[in-house]
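Worksheet for the structure shown next.
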Amino acid sequence: MRESRSTSQSNKRWAAALICLALLCPALVFLSICIGSTGISAGDVIAILTGHGGEEAAVSIIMRIRFPRAVAAMVLGGALGLSGYLLQTFFRNPIAGPFVLGISSGAKLCVAILLIVFAMRTGIPGSISMIGAAFFGALLSMGFVLLISARMRGKPTLIVAGIMIGYICSAATDFLVTFADDAQIVSLHNWSKGSFSGMDWGDVRVMSLLTVLCFAGILLLAKPISAYRLGEEYARSLGVDVFRLQVLLVLYSSLLAACVTAYAGPVSFVGIAVPQLIRALLRTERPQLLIPACFLGGGIFCLVSDLIARSIFSPAELSISSVTAVFGAPVVIIILLRRKGAV
């Protein structure tokens, strides 16, 4: 009886937490649309969003600038949250994430090559080309991390190796910049700092489609992931194809990280901090709950960070990575201290 009551209470708590996260996302999107250097009242925003008219300038600001930017921040933040969760599951390491393991830096390097080398000949590449280049770079960096992890099992070594790969990719990117013209240098510099600005509805449609497909595929892996968490041998005893699962975890995490890097540049600490915050909120390890919660949590994290980045020193704008680092880095420090028993 007590176990039944405890399970019922847990289910109610999880449902309430997921509902709160799901409601908070559109609320923050609406808040992001309302707040900006140009003052637009909430009533005018509602009228414009519902198609009941409004001043032409206000309609342009909301529908062409703020609304797609807010949706992009939510989608790409969710992608980062999911990518971090998959990497932490794969490596069984709470500090694993696309930024720390150098995956974002590898994606950044290949996008820089595409922007600098190929743009000189064929013009500005399309979004699909940039995602493809970022995905290739992410897989390349992930491949080096996997090779190192196969030879040296220590978790601290894995993290250090990822950081070193990130430095190497960043150095190579800086080297490439010396061969770019002035316009390309400015464009690449702004992109490399991380930002959700400049998004249009075409970008939002592509990133949303890609993220939704990945999200659906990851949800189908919830049961195998649950078994994998208890050990590879245990998962195999339940009929899980561990190698196939590991390949899918790598592919999905790399594709999600690549999508974010292609559109917003490298965004730090979201992939590490969000899964840990969600675990602390839900107090569970069930993938069926953590997968949607990490997506929603990542969206909320990036919406709040983007709102701070563009409003705290308005009209000047901070890079999104600067803000996410301020909130995400303390989470990483707390994780490290708890693992050492200091907290």
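All of the numbers you see were taken from the coordinates with simple rules; none came from a lab. This structure is a prediction, so every number in the text was calculated from the model and none was measured. Note that we place each Cβ from the backbone using ideal geometry, even for glycine, and neighbour counts take in every protein chain shown.
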Study note, to complete from the structure: the stretch 7-36 and the stretch 62-92 have their Cα centres apart by a whole-number Å value of 16
Review point. By how many nm would the segment from E285 to I333 lengthen if fully extended, with 0.36 nm per residue of separation less the alpha-carbon distance?
Key: 15.2 nm
Review point. Taking other Cβ within 10 Å of each residue's Cβ, how do R92, R13 sort, fewest first?
Key: R92, R13
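Using the 10 angstrom Cβ neighbour count as an exposure proxy, how do E233, E317, E285 rank, fewest first? Can you show the working numbers first?
On the way: E233 8, E317 16, E285 13.
Placing the least packed residue first, the sequence is E233, E285, E317.
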Exercise for review: Work through the residues other than L245 whose Cβ is under 12 Å from its Cβ and net out their charges, Lys, Arg +1 and Asp, Glu -1.
Suggested key: +2
Practice item. Could you work out how far apart the two model spin labels at E232 and S197 are, taking each label as a point 7 Å from the Cα in the direction of the beta carbon, and quote it in nm? Key: 4.7
**Study point:** Debye log10 I(q)/I(0) at q = 0.23, 0.26 Å⁻¹ for the stretch 27-80, Cα point scatterers
**Key:** -0.82, -1.00
Review point. What order, most packed first, do the peptides 82-89, 213-220, 248-255, 68-75 have when packing is the mean number of other Cβ atoms within 10 Å of each residue?
Key: 82-89, 68-75, 248-255, 213-220
Check your understanding: Which order do W14, W191 fall in if you start with the one that has the fewest other Cβ atoms within 10 Å?
Key -> W14, W191
Check your understanding: If we restrict to alpha carbons, what Rg and Dmax does the stretch 13-339 come to, in Å?
Key -> 19.8, 64
